[in-house]
Structure formats: C-alpha cells, structure tokens
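The values are calculated or read from the model by the stated rules, or taken from the named source; none is laboratory data. This structure is a prediction, so every number in the text was calculated from the model and none was measured. Methodologically, a virtual Cβ is constructed for each residue, glycine included, from the backbone with ideal geometry; neighbour enumeration extends over all protein chains shown. Each accessible area value is taken on the protein alone, full model and side chains, heavy atoms only, with ligands, DNA and RNA left out. Shrake-Rupley method; radii C 1.70, N 1.55, O 1.52, S 1.80 Å.
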Amino acid sequence: PFDEALRRGLFSMYFRLGVMRGGMPLMIVRQEAVQNHLGLRLDQASRVREIVAAQDQFNKDFWSHPSADPAQMRKTFREHLDVALKSLADVLEPAQLQRLNQIVLQRQGFWALGTSEVADQFVITSSERSAIYNLQEDAFRRPPGHRDEGPSPDERIRQILTPPQQATWQQMLGEPTDLGKWGHPPRWPRSKKPPKTPR
C-alpha cells in the first residue's frame, strides 16, 4: 500500500473497470437502521432481505467459480446486479427510493462525482472531470491514516464546482444522516486461498 506506483495502478483499475459500481444501495439498505429510517413496512423489509440474500448468494457463487473471460464476468455481474437493483426499486416507494439514493451518495461523498451517472447531472466539463479525477487519485494514493494540512479532498473538489453545481450536489445529498455506512458482510465462509482459474 505504500508503493506509489502500485497505488496509482490500483486506483486506475478500480475506477475505470467499475465492476462493483452500483451495488452500494444493496449494501446500505440491508441495515435495520436504514430500513427504519425509510419507514419500510414489514412486507417491504421481508422482500428487501430476500433480494439482499439472493445477491449475496450470487456473489458467493460468482467469485468462487470465476470465468476465464473478464469481459464476460463483468457483463454477467452487471446484468445480475441490474436485476437486483430493479427488484429493489420495485419494492420501495418513490420517496423511499429517493431517500435511499441520497444516503448512498452521502456514503460515497466526493467519490460519487467521478462516476458518469452522477457527473452527467451536473453538466461537468471535461476539464472539471479531469481535475476531480486527479484529486480522487491523489486521495486514493495516500497511505492509510495520512492527514494533510489544509482543505480536505471533499472541500477541494467542492471548490472545482460552480455555485449552481454545488447547489445541485447539496440537493442530491438531501438531509444529512449518519446512516450511510457499509452493511454487515455476507454471512458465508471465505476461503483463505484464492480460487483456481479454470484451464
């Protein structure tokens, strides 16, 4: 983690591939505190648990039996995740789904501005996108626990946005909460050895 070249390469890989991008709603909505905050009915909470459990099982099977074709793996994962997110959207009422998305953005913070799904809503220019990406990369490359004097990465990225863009961002975040945390990890055993790649 302290090798700068390695951290730069990892950031670029994670950011550009985005294999897991979009799965955070399922990680957050599994929390009982979030479900209570959203005001889920008993039938909604039960259905949410089923959707989350099904995705967890898929993740377990998916990573235990990797394909030799990375492109096909991304396609399969993305398709299954899209179905799970569509099922979640069907269970939640519009206001509940909107609030969940706000909590997700609060959890992601300034990292969300680097995704096209969010950035496109701001009409961010190519130079702004590049500046945001560079700040995110710098933040990712810092050693764990490292603290810089001066503005935080979040504050520095906000300075890139115009006042109208900042207002749009605040509206997308909604009322602040402390609920945007990772949910509990899936309750299935993890092998200490990496799965063997099929020959």
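Within region 93-116, identify whether any single residue is in a loop (DSSP other than H, G, I, E, B) and without any contact (Cβ under 8 Å) to a residue 60 or more places away in the chain, and answer yes or no.
Yes: one or more hits.
Within region 139-164, restricting attention to residues that are among the charged types (D, E, K, R) and at pLDDT 80 or above, which residue is surrounded by the fewest Cβ atoms within 10 Å (Cβ to Cβ)?
Among residues in region 139-164 that are among the charged types (D, E, K, R) and at pLDDT 80 or above, the one surrounded by the fewest Cβ atoms within 10 Å (Cβ to Cβ) is GLU155.
Taking region 86-131, which residues are modelled with pLDDT of 95 or more, among the aliphatic types (A, V, I, L, M) and buried (at least 16 other Cβ atoms within 10 Å of the Cβ)?
LEU88, VAL91, LEU92, LEU97, LEU100
Restricting to region 26-83, and then to whatever is small (Gly, Ala, Ser) and either farther than 29 Å from GLY174 by Cα or open to solvent by less than 50 Å² (accessible area, probe 1.4 Å) (or both), can you tell me which residue is farthest from the chain's Cα centre (by Cα)?
Only one residue tops the list, namely ALA68.
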